[in-house]
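Have a look at the structure below, then the notes.
The values are calculated or read from the model by the stated rules, or taken from the named source; none is laboratory data. Computed from a predicted model, the values in this text were never measured in an experiment. Here Cβ is always computed from backbone atoms with ideal geometry, including for glycine, and neighbour counts include all displayed protein chains.
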Amino acid sequence: MKVSVIIATLHRYEEVCRTIGDLLKSSIADLEIVVSDQNDCWPEGWIETMKNLRTEPRVLWLELGLIGVVRARNMAVEASSGDLLVFVDDDVLIGGPDFLEQHVRVYDDATISAVSGRELDAHNDLVSKCVSQWWLNCPSELDKSSSGRLSGNPLQQCLSFDRQGTSTAMDVCFFCTCNASILRRAFLDVGGFDEQFRGNSYGDDYDLAMRLQNEGHRLVYRPGPVLIHLRSPMGGLRVSDPRNPFTHQEKAYSRWLFYYRYKDYGQRRLLLKQVLRNTIFVKANLKSPLAFIAACVGSSQARSAAKKNAGLGPESIFTKKQSAIHS
């Protein structure tokens with residue numbers, strides 16, 4: 001099975017170079033790492049490292065010249081050739097040289113379409129207890145898993161599943177692009193990531209999980225493929241980053257889109273809480289009355305637009321190709 005690792009990156013020069021370096025330690029024979037580079041330029045201190053990585057035969061580097069993580073990931077998938085797509089964030093430490101092998105082994109069960117792995121927070125005390133075990137390839141309790149099934153509302157699973165503390169293997173309705181894999185055929189079957197999720201685009205991976213679930217695909221969680229999420233305060237989609245180019249409306253749009261698309265799954269209160277907490281009641285807005293007012297106005301505008309568009313989609317470069325074939 002050929003493995004394609006997909007990484008979309010923005011303003012995380014050191015972090016993404018380290019992540020790629022970790023992945024290149026894998027023993028997977030048929031491996032490619034596809035980088036969707038949304039940066040218009042690189043700082044001088046990291047240009048040489050980036051150029052060296054680009055000469056590595058297993059690395060395919062795409063210069064997009066645009067900012068939009070959902071489309072960036074879709075474009076990386078389109079350029080890739082693997083049977084298995086593995087998504088990781090651009091600010092992670094890979095938990096050992098067999099990380100990708102851990103993902104691949106799950107698919108010995110032919111009924112599985114997608115896998116989410118364990119994601120430890122770099123600021124969590126558990127990391128300090130485990131990191132030495134990973135790098136020394138010592139057995140860890142994280143590798144022990146038993147069969148289990150997560151029951152309940154699929155939307156609640158998407159929004160509330162604990163991918164950090166759970167050490168039991170189970171079926172889930174969950175997919176997180178920080179650490180997840182999916183069979184290429186399953187990804188294309190549902191049209192890839194919906195590019196209607198734009199701006200800060202939170203919710204696109206949860207939306208993918210819901211669509212996979214609705215089409216009868218089996219999604220599972222396995223604690224074996226583990227990584228450390230550094231949660232870099234700058235770069236990526238961080239609203240705290242002063243270089244974040246999006247308006248308050250663009251920052252809120254995808255949250256509201258997810259709300260209106262799935263509000264009938266019985267979790268309106270949880271959805272609304274997540275929307276407001278992440279678009280209006282954020283620390284930066286609460287410190288400034290003007291920022292708070294601007295966030296309220298932007299969120300209201302985003303809500304109107306999202307309500308109008310929620311019934312559309314999914315829309316992506318893959319669904320457009322399918323439409324062209326059938327027309």
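I'd like to know if the range 221-229 contains one or more residues that are modelled with pLDDT of 90 or more and either of a type in the set (V, I, T) or surrounded by fewer than 17 Cβ atoms within 10 Å (Cβ to Cβ) (or both).
yes
How many of the residues making up the range 184-209 are closer than 19 Å to K321 by Cα and not in a loop (DSSP other than H, G, I, E, B)?
7
Does at least one position in the range 49-69 carry a residue that is among the small types (G, A, S), out of contact with any Pro (no Cβ under 7 Å at 6 or more places or on another chain) and farther than 26 Å from F175 by Cβ?
yes
Sort through R105, R149, R73, R58 and tell me the only one that's modelled with pLDDT of 95 or more, in contact with an Asp or Glu (Cβ under 7 Å, 6 or more places away or on another chain) and not hydrophobic (A, V, I, L, M, F, W, C).
Exactly one of R105, R149, R73, R58 is modelled with pLDDT of 95 or more, in contact with an Asp or Glu (Cβ under 7 Å, 6 or more places away or on another chain) and not hydrophobic (A, V, I, L, M, F, W, C), namely R58.
Being within 29 Å of V106 (Cα to Cα), in contact with a helix residue (DSSP H, G or I) (Cβ under 7 Å, 6 or more places away or on another chain) and crowded, with 16+ Cβ neighbours inside 10 Å is the filter here; which residues of the range 1-22 pass it?
Within the range 1-22, V3, V5, I6, I7, A8, T9, C17, I20 meet the criteria.
Take the conditions modelled with pLDDT of 95 or more and under 28 Å from the mean Cα position of the chain (by Cα) and apply them to Q301. Does it pass?
In short, yes.
Strands (runs of 3 or more DSSP E) wholly in the range 42-131 with at least 2 residues that are touching a residue at least 60 places away in the same chain (Cβ under 8 Å), closer than 18 Å to K2 by Cα and in contact with a Leu (Cβ under 7 Å, 6 or more places away or on another chain) - which ones?
84-88
This table checks each residue for (1) more than 27 Å from F187 (Cβ to Cβ); (2) surrounded by fewer than 17 Cβ atoms within 10 Å (Cβ to Cβ); (3) not acidic (D, E).
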| residue | (1), (2), (3) |
| --- | --- |
| L271 | no, no, yes |
| R277 | yes, yes, yes |
| K283 | yes, yes, yes |
| A291 | yes, yes, yes |
| G298 | yes, no, yes |
| S304 | yes, yes, yes |
| N309 | no, yes, yes |
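Can you tell me which residues in the range 27-72 are among the small types (G, A, S), surrounded by 12 or more Cβ atoms within 10 Å (Cβ to Cβ) and out of contact with any strand residue (DSSP E or B) (no Cβ under 8 Å at 6 or more places or on another chain)?
Within the range 27-72, G68 is the sole residue that qualifies.
State the number of residues belonging to the range 1-35 that are assigned to a strand (DSSP E or B), under 15 Å from E63 (Cα atoms) and hydrophobic (A, V, I, L, M, F, W, C).
Matching residues across the range 1-35 total 6.
For the range 10-24, which residues satisfy the criterion of being within 10 Å of I94 (Cα to Cα), in contact (Cβ under 8 Å) with a residue 40 or more places away in the chain and either touching a Gly at 6+ places or on another chain (Cβ under 7 Å) or of a type outside the set (V, I, T) (or both)?
Passing the criteria: R18, D22, L23.
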